[in-house]
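This report refers to the structure that appears directly beneath it.
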Amino acid sequence: MGPAGDTRLHTDLRRHLREKDIDRDLTRLICEIADASKYIVNAIRTGDLGMAGTSNLYGEQQLALDVLSDRILRKRLTHSGVVNTIVSEETSEVIKVETNGRGRFAVAYDPLDGSSLVDVNLAVGTIVSIYEGHDIMQPGRNQIAALYVLYGPRTTLVYTSGDGVYEFNMNHLMEYTLAQKVSRLAPSGSIYSPGGQRNLYSKGVEKFVSQLEEEGAKLRYSGGLVPDFNQILIKGKGMFLYPHLEGKPSGKLRLLYELNPMAFIMEQAGGAASNGKMRILDVQPEAIDQTEPIFIGCRKEVEEAEQLIAELG
Ligand code: AHG
Ligand code: MN
Ligand code: MN
């Protein structure tokens, strides 16, 4: 194999984690999740697109793919030996894992975010939030690591353990190799990704979005949090919002599985994340299925959104 195709020239995920002195148990956990994602990619590419015939705790019909991805990830986490508590967007209970005291981590995850986009062949992702200890109901600022895997034309993995954000590409051998340390976001940006129905926006949010449009921001919204967020992170500018809506005062996206991990990654990349009133990572969760409005991206826009919401709602 010539140098260009020699994967040994690229730092793989495990080696990167070792070089960064990430402790063995956390390295193990992140690598187990990375391994699980290889099976999830296969399921997405070739699996059954039908319904599972069940619904999750939000009353949403589960696709066979949601259920399968959840099982793949749960099995890896359960057998990793380092996880004591698991909670998934697709199951209603907190699962305790018996590890004879070895399990150090509590993990919350969304196995397949945006699964309703698979049948139209748009990008989807897996999102994971990691805490040390047994408590899953902590503010997101206590996370020790967070990551997502984006299944698009390529499969990429983005993680933080509190020391910057790193992006990996899945190569032809299905190994993750380091692509880059993600640069810090610009203080303000020109991409916006607005979720939820516009006619249900509050006055403050409507004014905020109109303002972005008047400033010439480009609309970039696919309906998948992971690709929409990833675009902002990797381009280094912009903002994603899924605000409070008329009839849905706490928006749609889930604090434990979607917002906390994304907020941790965004802050580590120099951006901000707010529910419109306070920092997402400071919200004390009260229920595992809690949702919050989200404004996430460049610091200046997040502050502007907060100001307009304080003034106009
Ligand atoms: P999930 O597929 O895990 O239920 O979540 C999908 C999320 C997220 O990816 C996206 O930002 C949002 O739902 C889109 O919601 P709308 O259907 O309201 O556009
Ligand atoms: Mn989701
Ligand atoms: Mn999901």
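The values are calculated or read from the model by the stated rules, or taken from the named source; none is laboratory data. The structure displayed is predicted, hence computed values, not measured ones. Please note: Cβ atoms are built from the backbone with ideal geometry, for glycine as well, and neighbour counts cover all protein chains shown. When the accessible area is computed, the model is the full protein with side chains, heavy atoms only, and any ligands, DNA or RNA have been set aside. Shrake-Rupley method; radii C 1.70, N 1.55, O 1.52, S 1.80 Å.
Is one or more of the residues making up the stretch 28-40 farther than 16 Å from Ser115 by Cβ, more than 14 Å from ligand 1 (Cβ to nearest atom) and of a type in the set (Ser, Thr, Tyr)? No, the conditions are met nowhere in the stretch 28-40. Restricting attention to the stretch 257-270 and to residues that are in contact (Cβ under 8 Å) with a residue 40 or more places away in the chain and open to solvent by 10 Å² or more (accessible area, probe 1.4 Å), the residue that is nearest to Leu312 (Cα to Cα) turns out to be Phe264.
Let me confirm something: among Ser188, Ser129, Ser161, which residue is buried (at least 22 other Cβ atoms within 10 Å of the Cβ), among the small types (Gly, Ala, Ser) and touching a helix residue (DSSP H, G or I) at 6+ places or on another chain (Cβ under 6 Å)? Break it down stepwise before answering.
Numbers: Ser188 fails: buried (at least 22 other Cβ atoms within 10 Å of the Cβ); Ser161 fails: touching a helix residue (DSSP H, G or I) at 6+ places or on another chain (Cβ under 6 Å).
That would be Ser129, the only listed residue that is buried (at least 22 other Cβ atoms within 10 Å of the Cβ), among the small types (Gly, Ala, Ser) and touching a helix residue (DSSP H, G or I) at 6+ places or on another chain (Cβ under 6 Å).
Pairing residues of the stretch 208-234 that are part of a strand (DSSP E or B) with residues that are away from ligand 3 (no atom under 16 Å from the Cβ) and open to solvent by less than 10 Å² (accessible area, probe 1.4 Å), at Cβ distances under 9 Å and at least 6 apart in sequence or on separate chains, gives Lys218/Gly238; Leu219/Ser193.
When Leu49, Leu29, Leu73, Leu77 are checked against the criterion of being over 15 Å from Ile127 (Cα atoms), hydrophobic (A, V, I, L, M, F, W, C) and either in a helix (DSSP H, G or I) or open to solvent by 60 Å² or more (accessible area, probe 1.4 Å) (or both), a single residue qualifies: Leu49. With respect to the conditions (1) under 16 Å from Tyr176 (Cα atoms); (2) within 19 Å of the chain's Cα centre (by Cα); (3) among the hydroxyl-bearing types (Ser, Thr, Tyr), Thr11 lacks only one, and its number is (2). Only one of the numbered conditions (1) within 16 Å of ligand 2 (Cβ to nearest atom); (2) on the phi < 0 side of the Ramachandran plot is violated by Thr85, and that is (1).
Could you list all residues from the stretch 192-205 that are open to solvent by 60 Å² or more (accessible area, probe 1.4 Å) and outside any loop (DSSP other than H, G, I, E, B)?
Within the stretch 192-205, Arg198, Asn199, Lys203 meet the criteria.
Scanning the stretch 100-125 for residues being more than 13 Å from ligand 1 (Cβ to nearest atom), crowded, with 16+ Cβ neighbours inside 10 Å and assigned to a loop (DSSP other than H, G, I, E, B) gives a total of 2.
Does the stretch 168-184 include one or more residues that are buried (at least 23 other Cβ atoms within 10 Å of the Cβ) and within 16 Å of ligand 1 (Cβ to nearest atom)? The answer is no; no qualifying residue exists.
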